[in-house]
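Asker: Following this message is one structure expressed as structure tokens.
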Amino acid sequence: MPMPPRGFSIVELVAALVVMSALLVAGIPAMAILRERADTLNAFHTLTTSLMSARMAAISRRMAVTVCPSADGRYCRDDLVWEQGWIVYYDPDREKQPSDAGAVLWHEPERTGRLAIRSTAGRHRVRYQPTGLSGGNNLTLRVCSHRGPHHLGDVVVNLAGRARTQPGKAPDSPCPYVP
């Protein structure tokens, strides 16, 4: 008794490839949105953790501690760009830069290129007093997507030094400060 042929015909293989290609093309945008959402949550978590750790360091050491954007892990930037990293340093003399490398408590490295993080125009850094308060005015760190750009949410530090996150007001709202 002869065996029936095994395997797929060329027509069946082409049809399967067409279906798989269509599913892949339909799934790529959804995966990009999921990845952006995960990156946004990670940015929120990392920012708030750094800010709250700096506040606790100021309280426990009874010494001012500053958080500022930094691309090299040693010096503060003078602009509003935070996605290239930031540093936390002891700042007893209210200096614009760490006094030496030993004053830097830690450096958060550059974020991925998919998000932009910008601080509000009037405030480039957060300085925590030994009481844990953050004087001056509120600081907002705006997290934006380079896909558009779209406002994804904010990390807000109030005068009491507490940091909170808030989602973007509308998914399609423009994001100022991002070229």
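Asker: So, Val126, is that one β-branched (Val, Ile, Thr) and in contact with a Gly (Cβ under 7 Å, 6 or more places away or on another chain) or not?
Answerer: So Val126 does not fit the description; no.
Asker: When the residues of the stretch 54-82 are filtered to those that are among the charged types (D, E, K, R) and without any contact (Cβ under 8 Å) to a residue 40 or more places away in the chain, which remaining residue is farthest from Gly161 (Cα to Cα)?
Answerer: Filtering the stretch 54-82 for residues that are among the charged types (D, E, K, R) and without any contact (Cβ under 8 Å) to a residue 40 or more places away in the chain, the one farthest from Gly161 (Cα to Cα) comes out as Asp72.
Asker: In addition: When you check Val156 against the structure, is it buried (at least 21 other Cβ atoms within 10 Å of the Cβ), assigned to a strand (DSSP E or B), modelled with pLDDT of 90 or more and not acidic (Asp, Glu), yes or no?
Answerer: no
Asker: With the requirement that a residue be buried (at least 18 other Cβ atoms within 10 Å of the Cβ) and at pLDDT 85 or above, what does the stretch 159-179 give you?
Answerer: Listed by number, the residues that qualify are Gly161, Ala163.
Asker: Related question: Of the conditions (1) more than 31 Å from the chain's Cα centre (by Cα); (2) touching a residue at least 12 places away in the same chain (Cβ under 8 Å), Arg6 satisfies every one except a single condition; which number is it?
Answerer: With (1) more than 31 Å from the chain's Cα centre (by Cα); (2) touching a residue at least 12 places away in the same chain (Cβ under 8 Å) applied to Arg6, the lone miss is (2).
Asker: Continuing with this model, one more query. Out of curiosity, is Gln97 of a type in the set (S, T, N, Q) and without any contact (Cβ under 8 Å) to a residue 24 or more places away in the chain?
Answerer: yes
The values are calculated or read from the model by the stated rules, or taken from the named source; none is laboratory data. These numbers were taken from a predicted model, which means no experiment stands behind them. Positions of Cβ are backbone-derived with ideal geometry, glycine not excepted, and every protein chain shown enters the neighbour counts.
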